[in-house]
Every structure is written in C-alpha cells, then in structure tokens.
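A short worksheet on the structure shown next.
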Amino acid sequence: MFIDFTGRSKNKTYNTIGKPYKDEYEVYALSQNKRYGLPLRPQRTVVQFNSTYLELVDRWESEKGSLVVTYILGLLLGLAGLGVCILLLHKELSENGFTWFVLAFSVLTMILLAGVWLGIRILSRELFTYTYFPVRFNRKNGKVYVIGANKRVETYDWNALRIHMDTDVNAPWDIRCCDVNDKGIIERTFSLPFRHTIPNETLQHHFEFVNAYMRSKTDKDLKQVADSIRYVFPIHQRKETWQESIERSRFEYHSRWKDMEYPETSLTIDLHYLASTPFWLLKLLGRRLAVFTCTTPHFPFEIEAECDIDPKDKFDLNKNPPNPPRRKYSLLEKAGIGVLLLIGSIIGLSVFALFIDIMGAARPHGDYPSFFKMLWDWLLFRWI
C-alpha cells in the first residue's frame, strides 16, 4: 500500500517548486514532439473524453482510503500503548508512590494528543475535501487545467512543459510535468495519474496516451485514442459506486506491467492477493468514508466555456461510454472465489494477530492474552 504526501499539501505542492530543473531529469525526459511507437494505455484514469478535452483523475486517487486506514490503525495502537502505560502507572503508584514514571506518562499523553492533532491535519487530505483533483487536457487550445489539493485552479501550456519520470522517498515513479521559467527554475508542477515502481516503458505507455490525444488533428487520430479506452469513471457528475470503490481499492494488486484497461489479465487472484484481503477491505472502508465526506470538484465558468463540447460530438464517451465485456462467473466459480477469499482473510487476520502477540510479548510485566488464540477460538466456535 503506497502512501506519499508529495503534492498533497494544501499550502505547497511538490518539494521541487522553486528549485532548478536538474540535468539528471533529462535521463528520464519525455518529449511532446516525439512518438514512442507504444500502445496507448489510459490505465483506468479517464473521467471525461470528447473531441475538446480529456479529463483524468489525480495521482493519489487510486490510493484513496489508505491515509484514513493508516491513521485509524495508528490511533488504535497509540491508545493501546497509552492503556498499557495507565496499567503500569497504577501499579507503580500503588507500590512506590509518585516517581518519574508519572512524568514519562504525561509526556506520552502529550505526544499522543499531538499525534491526534497531526492525524486530523493529514486526514484533511482525504476527508472533507474534493472526491478527486481533476487534470483536464484541452486539445483545441493546448491548455491543461489542474485543480490542486489547495482547491486552486492552475493553467498550463502543454507544449511548454518540461516532462520527465520522477520519484520521491517511499513513493512510486510518476510522470512529472514542470512549468520552468527562463532561469531554469521550476515554478509549478503536476503529475499524470498513473504510477509505477520503476521508470520504464510502462510509464511511457501512459504518457503516449495523453500526448497522442493532445496532438490529435483528425477524426482518425481521435478514434485511435478513444479506442484505447475501455472504462470511463464519470465522477465529475456523481460519486463512485460501491462496485467502483471495490475495483479501485484493488488497483495495487494489478500487474502494472500490463494494461489495466483489461483487468481480466492484469488482476491475478493469487496467494498474495488472498492473504492481503483484510487490508484492501480496510482500505475500501476508508475509501467509502472519504467518498461520503467529500464533494465533487468543478472548474470555474470561464474554463468550462473554453471547454465547450459539441452536443453531436461522436467521440463523447460520457454520452456513449464503451461497454467492455465482463467475465461472467458460474455459481461454482463464485463459490470457489468466496472460499479462497475467506481463506485469505483468515490468513491475513492470523498474521496480524501474531504481530500483536509479538508486540505484547515485548511489554514488561504481566500475562497478556493471546490475540491469535482468541481469533482461532472464535473461528472454531469455542465461544459457544
């Protein structure tokens, strides 16, 4: 589960803002004037598509829910630690009276409260904000409109951007689009939504998709781009459904080397996927909470006027969405998948319970209950 904060701050964007555009960026540079001859891959990022503009989700949309789950789990662990401190404090006071342990407990409580405050600030990047931060590419005027995490709209000239593949600490690589001034200083930045663990052709496929749209001149060019899209995610006019939330919560289990427009081949239900079931289900719950508390973004009237769509536009995929065939599972296959998911959930919960027990064993004094034993007592109906 990838979580990064780069570009998500409400006060600043990327940490490269105001710094020189480095020569090493050229090693991973991508050019708007070059054709790479690669298949076009939208990678399940398209919100709107028509002859005038292409709108994509932001680079963090596929990770929505991760911050919520991480904070809640961290808070629970913090409260558990505080509870242990209270028990130890009670024992210490009953035996020795006031000691330095009281001071240590007070400091830990202050740290926990500070963590709660910081967590609320971090959660504001997923809760009570926009459901997504759109990146809109206007083919006709060559402009890119981006709504950032601060909810401000920025306009870029596509052909003037310096584009390269980049990464940050503990984050995947993405396609970074930089607005660089005459002195070589990066003034503004945004990223394309699809990300990968290493810089390779997989990212170039995604760049080629966007660039092919922006350089389209004829209906034949537009058709080539439109034909590469199998899924449209129309969250500009509604909130995502439960089915969409489930599909997008599992994106990290797709093979990023393959075209995610074809989940029947990019998603492999293997042992790793099954064992991770409890964790992506937690992420799903965090995602649904974010969807519930957030509002749909809208561009200002003047930008919508620049993005006017012909009512008879034959390439408007929001009016005529692609209808990719979905695999139909037999009753036996559904039962088999259900059993595998159940087994995966049990494996994941068992590993998590063992982790808690290991932490408990490291705590001083006391005989703490085994969460692993309690889990299996419950699964084996010994509680009846």
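At 1.4 Å probe radius, can you tell me the per residue accessible area of segment 137-243 in Å²?
That works out to 42 Å² per residue.
Using only the alpha carbon atoms of segment 168-280, find the Kirkwood hydrodynamic radius as the inverse mean reciprocal pair distance, in angstroms to one decimal.
Details: mean 1/r = 0.0593 Å⁻¹.
Radius from the Kirkwood sum: 16.9 Å.
Can you list which of the chymotrypsin sites (Phe, Trp or Tyr not before Pro) found in segment 124-178 are DSSP loop residues with at most 15 other C-beta atoms within 10 Å?
Numbers: sites: PHE128, TYR130, TYR132, PHE137, TYR145, TYR156, TRP158, TRP173; in loops: PHE128, TYR132.
Here the sparse-neighbourhood loop sites are PHE128.
For LEU380, what accessible area in Å² do you get when you roll a 1.4 Å probe over the heavy atoms of the protein chains, rounding to the nearest 10?
90
Pick out, in residue order, every one of the trypsin sites (Lys or Arg not before Pro) in segment 167-275 that is DSSP loop and has at most 14 other C-beta atoms within 10 Å; say none if there are none.
For trypsin sites (Lys or Arg not before Pro) across segment 167-275 that sit outside H, G, I, E and B with at most 14 neighbouring Cβ atoms in 10 Å, the list reads LYS183, LYS217, ARG238, LYS239.
In vacuo Debye scattering of segment 146-234, one point per C-alpha: log10 I(q)/I(0) at q = 0.12, 0.16, 0.22 Å⁻¹?
-0.46, -0.81, -1.27
With the Cα gyration tensor of segment 124-179 giving a ≥ b ≥ c as the square roots of its eigenvalues, does the rule (a/c under 1.5 for rounded; else a/b larger than b/c for prolate; else oblate) give rounded, prolate or oblate?
Numbers: a/c = 2.63, a/b = 1.17, b/c = 2.25.
Cα axes put segment 124-179 in the oblate bin.
What are the lysines whose alpha-carbon lies under 26 Å from the alpha-carbon of LYS183, with same-chain residues fewer than 8 places away excluded?
Partners found: LYS12, LYS19, LYS22, LYS34, LYS143.
The values are calculated or read from the model by the stated rules, or taken from the named source; none is laboratory data. The shown structure was predicted, so the numbers you read here are calculated from the model rather than taken from an experiment. Here Cβ is always computed from backbone atoms with ideal geometry, including for glycine, and neighbour counts include all displayed protein chains. Accessible surface areas use protein heavy atoms only, side chains included; no ligands, DNA or RNA. Shrake-Rupley method; radii C 1.70, N 1.55, O 1.52, S 1.80 Å.
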